[in-house]
Amino acid sequence: MHLIEKILGERILVLDGAMGTMIQRYTLTEEDFRRNWFENHPHPLKGNNDLLSLTRPDIIREIHAEYLQAGADIIETNTFSGTTVAQADYHLEHAVYDINYHSAKIAREVCDEYTKKTPEKPRFVAGSIGPTTKLSSMSPDVNDPGYRSITFDELVVAFKQQTEGLLDGGVDLLLVETVTDTLNAKAALFAIDMVFEERNLTVPIMVSGTITDQSGRTLTGQTTEAFLISVQHMPLLSIGLNCALGAEMMRPYLQVLNKKSPFGVSAHPNAGLPNEFGQYDESAEMMGEQIKQFLEEGLLNIIGGCCGTTPEHIKVISDLAKNYSPRTAHLDKTHA
């Protein structure tokens, strides 16, 4: 049994907050995304945040440390767009292994520093595997519903390469997150399984889906329960929801997972819904009040933040989580 699996039944674990929100605070220039690596790259790179693990590792290290200082138990690698599929937008497919390896290495080093300071509170690195920029179960062309911009097999190749880089860099677990298309997630899980088999190892896996609006469905039309059923063939550490909705709107769907999931349940909601300028207005205290309801109901094993959340939000969440027991329903189902 991995250490994190043991801890999951003992206390609520805290995941970090948004990487992109924190990066925005630095007001970076094009030069920041090129430094020492991509000076001669012929295409614009500003906004490709994953590159900062290579070009400005000092910033990524600083952000990780702020979240750990705020009380996070798990920090995510800066690899949300770390596949050849997503990096193709910047013509940087060749940089994918380096992005994942170095992102994992930075997170690993910062985590180890904090675990050394507080051995009673070990810190963990989650390799972030985002949804890519393409859907494998929906057509991008309304006039050709049978068309697909990517195949399952192409996604498997991309996710396999990302997984290898993350594992080589030293992650403790893998987080397939912000799942909008469950077929993409299944490709990621298939790729992870291939790597595990090749290397004769396993690390815990978290899967986190996205309910896109109040219809209670993913972008490709699945309900929360259907999403769970689609991925529960894998022995997961946890299944959960993140992004798209604020905490208040996420609650009914977490209740479904609490009732049905044989695994741990996680949530990392946005800081409310974006305003007309795309900003997130929900303060740490406001978000804390809503998350308190999740904890009182015993819905969760892992709680963190997504878009718009900062170390301030994670500090409030971490302070709250200490006062509540983790969800235990999954332990009953596992041993049933």
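Every read-out reported here was derived from the displayed coordinates using simple, explicitly stated rules and does not represent laboratory data. Here the structure is a predicted model, which means the values were calculated and not measured. Cβ atoms come from the backbone with ideal geometry, glycine included; neighbour counts cover every protein chain shown.
A compact table of results
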item	result
Relative contact order %, region 262-309, counting alpha carbon pairs below 8 Å whose residues are six or more apart	57 percent
Region 133-252 shape via C-alpha gyration tensor axes, a/c threshold 1.5	oblate
Average Cα contact separation per residue, region 50-167, under 8 Å, 6 or more apart, as relative contact order %	31 percent
Overall Cα dimensions of region 84-170 - principal axes, largest extent first, Å	58, 26, 19
Net +/- balance of residues flanking SER149 in space, Cβ distance below 10 Å, scoring K and R +1, D and E -1	0
For the chain, share of DSSP beta bridges that run antiparallel, in % to the nearest 5	5 percent
For region 1-140, the fraction of alpha-carbon pairs in successive 10 Å shells from zero, as %	11, 39, 30, 16, 4, 0
At 1.002 mPa s and 20 °C, Stokes diffusion of region 52-105 via Kirkwood alpha-carbon radius, µm² per second	181 µm²/s
Sparse-neighbour loop sites [GluC sites (Glu not before Pro); region 1-81; at most 14 other C-beta within 10 Å; DSSP]	GLU10, GLU39
Stokes-Einstein D in µm²/s, Kirkwood radius over Cα pairs - region 138-203 at 25 °C with 0.890 mPa s viscosity	189 µm²/s
Rg(Cα)/(2.2 N^0.38 Å) for region 170-226, N = residue count	1.30
Ranked MET138, MET250, criterion: other C-beta atoms within 10 Å, fewest first	MET138, MET250
Kirkwood-based Rg to Rh ratio, region 263-336, C-alpha trace	1.06
Descending principal axes extents, region 205-327, alpha-carbon based, whole Å	37, 35, 22
Value at 222 nm in deg cm²/dmol, rounded to 500, when DSSP H runs of n ≥ 4 in the chain each add -39,500 (n - 2.57)	-13000 deg cm²/dmol
DSSP beta bridge pairing in region 133-281, given as percent antiparallel to the nearest 5	10 percent
